[in-house]
1. Can you tell me which residues in region 39-64 are surrounded by fewer than 24 Cβ atoms within 10 Å (Cβ to Cβ), in a loop (DSSP other than H, G, I, E, B) and touching a Pro at 6+ places or on another chain (Cβ under 9 Å)?
2. If the requirement is being crowded, with 16+ Cβ neighbours inside 10 Å and either more than 30 Å from residue 345 (Cβ to Cβ) or of a type in the set (Ser, Thr, Tyr) (or both), which of these qualifies: 72, 95?
3. With outside any helix (DSSP H, G or I) and within 13 Å of residue 156 (Cα to Cα) as the only criterion, which of 199, 228 stands out?
4. For region 9-23, check the following and say yes or no: at least one residue is β-branched (Val, Ile, Thr), under 26 Å from the mean Cα position of the chain (by Cα) and assigned to a loop (DSSP other than H, G, I, E, B).
5. Go through region 353-407 and report how many residues are among the aromatic types (Phe, Trp, Tyr) and part of a strand (DSSP E or B).
6. Determine which member of the set 88, 15, 73 is out of contact with any Pro (no Cβ under 9 Å at 6 or more places or on another chain) and closer than 30 Å to residue 355 by Cβ.
7. Give region 110-125 a look and list any residue that's in contact (Cβ under 8 Å) with a residue 40 or more places away in the chain and not β-branched (Val, Ile, Thr), or say none.
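The values are calculated or read from the model by the stated rules, or taken from the named source; none is laboratory data. Predicted, not measured: the structure shown is a model, and the values here were computed from it. Here the Cβ positions follow ideal geometry from the backbone for every residue, glycine too, while neighbour counts run over all protein chains shown. Please note that ligands, DNA and RNA were not included when accessible areas were found on the heavy atoms of the full protein model with its side chains. Shrake-Rupley method; radii C 1.70, N 1.55, O 1.52, S 1.80 Å.
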Amino acid sequence: MDILRFDPARAGGCFKPLNATNGGPWHKRHASDQYRTNFENYKAARIPYARNHDSAFGDVYGGPYAHDITCIFPDFDADADDPASYDFANTDESILVCLEAGTQTFFRLGQSIEHQIRKHGTLPPKDFRKWAVICEHIIRHYNEGWADGYRLGMTYWEIWNEPDLDPDDSPNKRTWGGTKAQFFDLYEITAKHLKACFPALRIGGPAICGNEAWAEDFLREMKRRDVPIDFFSWHIYTTQPAQMAAQAGRIRALLDKYGYEAAESILNEWNYVRGWTQDYVYSLETIHGMKGAAFLMACISTAASSPIDMLMYYDTRLSAFNGVFDFYTFRPLKGYLPMKWYGSFYDMAAVVPAVTSVPDVYPLCGCGKDGKLQAVVTCYTDDDTAGDRTLTVDFGRSGTFEVSLLDAEHDGEVVGTMKDLTFDLKPQSCVMIREI
């Protein structure tokens, strides 16, 4: 029998924003027929930020008329200082719906990925300085009321997405159609311009897809050019939470190495992927089931004690990567409860550390202002042949606890009230423990 021990005497620190997502609630305030929505469930999860990358793919967010720079500013030859050159309506609606759910938009300034044979928006802008001015006016629209806009106080503004996905000589460049050197120029010009206009905002990027050698070249060159970076964003798709944590450590080390010690490390795309070819279908099936839910909770729990400052699941859009809501009915899937459970930890006064580790068991624990404990214990493994295991949870003191279970047969319902926290845990399961 394994024992997982927590030490409430060492409680400290706060719970980071780790249940952020890509994609807001599926909700149309102007629609009344053939209507579905996940708004109330999305709101109940207390999602702090929704990144708007790839949102142009979903008609619930405004479709091809929202979010991307080429959607908001469709004619690049138009006057960048003229409000009439901009089409904000659908992007406005998406952002306002998010706000109604208690979620701020993490705004990706750039383009959605293009898998089609001919590329359009992902080609380098004709004039990098003009592109930076367009981004400036978008920020002024949402934060300063420009062009009949708003004063929303949106903090995070990300420059581009995955410029490292394809090498310079690739015939099929899906996210950045230029060279690495051209992207460095675009980033420098845009970051310096936006930071000069809005010194209090968090300006960062570039949402690398995982090429750490590319990341080091980028950071080295930005440091040489004296480019400000308020946050560094990056992505990983894996089957092991430990790999996510290891990459987080390497990214943090790179930021510190090149003088960006104050920059936040934001993992803003992640999910379960065993492979992109033969194992791709298996990966998508996993995302939508209990194993994907356990992986989700295990990664959030791992990130809590890692150098990651914000974690953003990919994704809660209408997409094959969404393990939180059903594509057709909009109802919660197994992966919804980990998001909602983590949202409840924002009420905790402090993080309680685990002082022992158990293979394939991922702990998360907090202490409320009243001193009562709340924990989620997750059993996750990528080994589909693994068997049950017996685990005792020890808080170092006696108490009475309400226990809820998420597994293949349970959807988070209370399964008992107990003093002895010894469980026979199935692989791919999560237990919520609340002191009463």
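1. Hit for region 39-64 is 48, nothing else.
2. 72
3. 199
4. Applying the first criterion (β-branched (Val, Ile, Thr)) to region 9-23 yields 21.
Add one more test, that the residue is under 26 Å from the mean Cα position of the chain (by Cα), and what stays is 21.
With assigned to a loop (DSSP other than H, G, I, E, B) added as a condition, the list becomes none.
No, because not a single residue in region 9-23 is β-branched (Val, Ile, Thr), under 26 Å from the mean Cα position of the chain (by Cα) and assigned to a loop (DSSP other than H, G, I, E, B).
5. We begin by selecting, within region 353-407, every residue among the aromatic types (Phe, Trp, Tyr); these are 362, 380, 395, 401.
If we keep only those that are part of a strand (DSSP E or B) as well, we get 362, 401.
Residues meeting the conditions: 2.
6. 15
7. Within region 110-125, 110, 111, 112, 114, 115, 119, 120, 121, 123, 124, 125 meet the criteria.
For (1) part of a loop (DSSP other than H, G, I, E, B); (2) in contact with a Ser or Thr (Cβ under 6 Å, 6 or more places away or on another chain); (3) open to solvent by 20 Å² or more (accessible area, probe 1.4 Å), each residue gets a yes or a no:
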site	(1), (2), (3)
105	no, no, no
111	yes, yes, no
123	yes, no, yes
126	yes, no, yes
137	no, no, no
142	no, no, no
